[in-house]
Amino acid sequence: MSKPVKPRKTASQLKKGALQAQRLLILSGYYVDCWFVTKLESVLRIETTVINPVIECSNRDTIDALINTLYTVRADTYNVLGSAQFWNGSWFGTQNVVAAHSGKPETRLVHGKPLPSKIFEWTVQDAAKNILASQEASKVEIIKRIYKRIPLHVGADLTKEQVAENKELTKQRQAAIDALKSFETIKTIPWLHRYFRDCYKRGHCQQNRQIVYQQQAYSCKRISRYLFEVEVQGLERGQRIKLIVKSNRVITGQIRLIRNDKGELEIHHLETLYNRDYCELLNREDELGLDRGYTEVFYTSNNQVLGGNFGKQLTRKTDRMTNHGRNKNKLWSLAHVRYKDDAYKAHRIIQNNLGSKTENKRRRVDDAYVNTVVNTACKAATEQAVTIHVEDLLEQIRPNKKLSRRAKNRLEKWEKGTVKTRLTHWSQRNSTNLNWVNAAYSSQVDHRNGTLLGTRNGDCFTTYDRVEFHSDLNAAKNLLHRGLDTEITRFMKYKDVQVVLLRRTALFLSAMGLTLLDAINLGWLDVKHKKCQAFEEILHGL
């Protein structure tokens with residue numbers, strides 16, 4: 001029996017099918033493009049807090065009075081909602097709870113006028129969100145304790161009894177975690193109630209300098225390229241307070257009008273930033289070590305200098321500030337001691353020579369240069385690797401030898417810079433993992449073998465076999481290795497780090513048939529390590 005012959009399609013049918021296939025390909029391409037753009041935006045997007053200074057305010061007295069009144073509102077919110085009864089509650093509608101307990105906003109007067117209900121509502125809800133954030137942090141700590149209290153059997157070869165016991169223990173864990181949903185269920189488990197009292201502490205209001213505004217309570221209008229006019233809600237309907245704000249973008253969303261420590265006004269708001277260099281970040285290294293220096297901002301483990309001439313600028317700034325202060329003290333003594341009987345001359349010295357306008361202008365210029373150098377170096381460092389190992393210099397440097405006052409001032413300026421803040425910021429922008437590692441003896445270890453066999457003299461590190469490296473490059477490679485070291489932790493004391501390194505040095509020397517004393521006699525090991533308490537134990541223990 002012959003097969004049926006399929007009818008041949010006409011030219012118009014073939015053309016119609018081709019057009020339909022083309023449309024489907026275009027639509028699928030649009031779908032893929034939209035999906036890729038959505039995924040890419042989620043990677044590139046980051047929210048950061050932007051601080052915009054207020055240059056001019058039309059009614060500063062009202063702003064200060066509002067800040068002082070809202071401090072009382074925040075304090076009442078913590079008194080009402082800060083206890084355990086508000087555990088795992090909701091911030092929505094908390095303004096009614098606080099108003100019923102501590103008084104409605106109409107009863108709170110600012111310059112004889114009632115506090116606006118919306119400002120009261122936003123302030124209470126903001127404080128309630130802070131309380132709930134503290135509760136979530138406490139909940140994480142409680143869950144950690146639950147897991148420590150109820151451990152499971154771990155291993156590849158578990159018996160049936162252990163598997164059954166693990167199921168029962170998992171149920172107990174889940175029951176304790178479910179009990180954290182309310183304070184009433186927490187009280188039913190005594191040990192969980194004790195953990196709750198240890199981990200969750202009642203908070204207190206310390207924010208006495210800010211006003212929270214939502215989008216409907218203000219308007220933003222551009223005046224010039226870097227100036228905006230922001231009109232915020234005042235005490236009466238239709239009468240807004242004008243603020244001249246310095247910014248490079250239109251302000252949107254929730255804002256906070258904050259009075260800083262100097263008494264100046266600032267607007268803080270969240271801004272969504274996009275990283276346009278994502279394609280460059282795809283071909284980065286996996287790991288990188290960074291050594292913080294004084295002459296430069298960073299020296300990388302792949303032999304790059306980031307932020308050169310950093311130390312020269314800091315030295316120039318510190319020396320100028322020192323000389324300025326010394327000369328100013330001389331003029332002060334002339335005005336108040338030598339010419340104290342000549343009131344006209346003393347007044348002339350105080351009026352013309354003891355001001356600080358010029359010096360403050362110079363300091364602003366120096367700070368701007370330092371911030372630019374640090375910002376550029378941190379941006380370049382985070383673009384080079386997925387994970388960065390940086391030395392953790394949180395504590396004040398305490399050198400063995402006595403330093404001059406000028407040297408101390410230089411070190412203080414270096415320590416109190418903006419390196420850590422900007423590095424954290426750019427690591428978030430570029431999706432880079434920051435690993436802060438212990439910096440003890442990182443510049444005195446030979447990166448090839450991890451031992452203390454070597455000496456550092458300025459920018460040169462000489463190993464025991466007379467090989468020379470740049471000292472900052474050697475330190476950066478040591479930090480890269482230490483980021484993967486499980487024996488030396490971040491907060492380990494330097495004496496404990498010294499013991500670990502001496503033990504490794506002794507093992508390395510024993511392979512050559514030598515001891516720590518032989519290394520000291522040969523000049524490979526510094527004599528100061530002989531003062532370590534564990535030196536004799538390590539020497540005779542191998």
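Using a cutoff of 8 angstrom between alpha carbon atoms and counting only pairs six or more residues apart, the relative contact order for the chain works out to 13 percent. I'd like the distance separating the alpha-carbon centroids of the stretch 445-481 and the stretch 359-393, in whole Å. Value for the Cα centre distance between the two parts: 26 Å. Taking the protein heavy atoms of the stretch 187-280 in the context of the full set of protein chains, the accessible area attributed to carbon and sulfur is 44 percent at 1.4 Å.
Apply 1/(1 + (r/R0)^6) to the Cβ-Cβ distance of Glu271 and Cys460, taking R0 = 56 Å, and write down the FRET efficiency to the nearest 0.05. According to the calculation, E is roughly 0.75.
State, as an integer percentage, the relative contact order of the stretch 239-338 based on alpha-carbon contacts under 8 Å between residues 6 or more apart. Once normalised by length, the contact order is 11 percent.
For the stretch 127-266, the solvent-accessible area works out to 62 Å² per residue, with a probe of 1.4 Å and every protein chain left in place. Here r is the Cβ-Cβ distance between Met321 and Thr372 and R0 is 22 Å; the resulting FRET efficiency, rounded to 0.05, is 0.70.
Whole-Hz Karplus values for the stretch 315-322 come out as 5, 4, 5, 5, 5, 5, 5, 5 Hz, taken residue by residue from phi with 6.51 cos²θ - 1.76 cosθ + 1.60 and θ = phi - 60°; glycine and proline positions read x.
Rolling a 1.4 Å probe over the protein heavy atoms leaves Tyr71 with an accessible area of roughly 90 Å². Farthest towards the positive end of the charge dipole of the chain, among the residues Ile251, Gly203, Gln125, is the Cα of Ile251, using unit charges on the Cβ of Lys, Arg, Asp and Glu.
The candidates Leu152, Leu273, arranged from most to least accessible area with a 1.4 Å probe in the full protein assembly, appear as Leu152, Leu273. With all protein chains in place and a 1.4 Å probe, the accessible surface of the stretch 457-542 carries 53 percent carbon and sulfur. Candidate values (1) 40, 25, 20; (2) 47, 32, 23; (3) 47, 45, 33 were compared with semi-axes √(5λ) of the Cα gyration tensor in Å computed on the shown model; the agreeing label is (3).
Taking θ as phi - 60° and the Karplus parameters 6.51, -1.76 and 1.60, the scalar couplings of the stretch 199-208 work out to 8, 9, 10, 5, x, 9, 7, 10, 9, 10 Hz in sequence order, x denoting glycine and proline.
The solvent-accessible area of Cys220, taken with every protein chain present and a 1.4 Å probe, is close to 40 Å².
Using the Karplus relation 6.51 cos²θ - 1.76 cosθ + 1.60 with θ = phi - 60°, the per-residue 3J(HN,Hα) values for the stretch 430-439 come to 9, 6, 9, 7, 9, 10, 7, 10, 5, 9 Hz, with x marking Gly and Pro.
Of all DSSP beta bridges confined to the chain, the antiparallel ones make up roughly 85%. When the surface is traced with a 1.4 Å probe over the full set of protein chains, Arg456 keeps roughly 110 Å² accessible.
Per-residue ellipticity at 222 nm, computed for the chain from helices alone with -39500 (n - 2.57) per DSSP H run of at least four residues, works out to -16000 deg cm²/dmol. Of the peptides 295-303, 367-375, 431-439, the order by per-residue mean of other Cβ atoms within 10 Å, starting with the highest, comes out as 295-303, 431-439, 367-375. So what is the relative contact order of the stretch 64-182, in percent, for Cα pairs below 8 Å that sit 6 or more residues apart? The normalised contact order for the stretch 64-182 reaches 28 percent. Remark on Leu235: its backbone amide H falls under 5 Å from none of the residues 5 or more positions apart or on other chains, H modelled at 1.01 Å from N. Charges were assigned to the Cβ only: +1 to each Lys and Arg, -1 to each Asp and Glu. The resulting dipole of the chain about its Cα centre is roughly 1480 debye. Ordering 282-290, 262-270 by mean Cβ neighbour count within 10 Å, with the highest value first, yields 282-290, 262-270.
The values are calculated or read from the model by the stated rules, or taken from the named source; none is laboratory data. Being a predicted model, the structure only gives us computed values, none of them experimental. Reconstructed Cβ throughout: ideal geometry from the backbone, glycine too, with neighbour counts over all protein chains shown. These area figures cover heavy atoms from the full protein model, side chains too; ligands, DNA and RNA do not enter into them. Shrake-Rupley method; radii C 1.70, N 1.55, O 1.52, S 1.80 Å.
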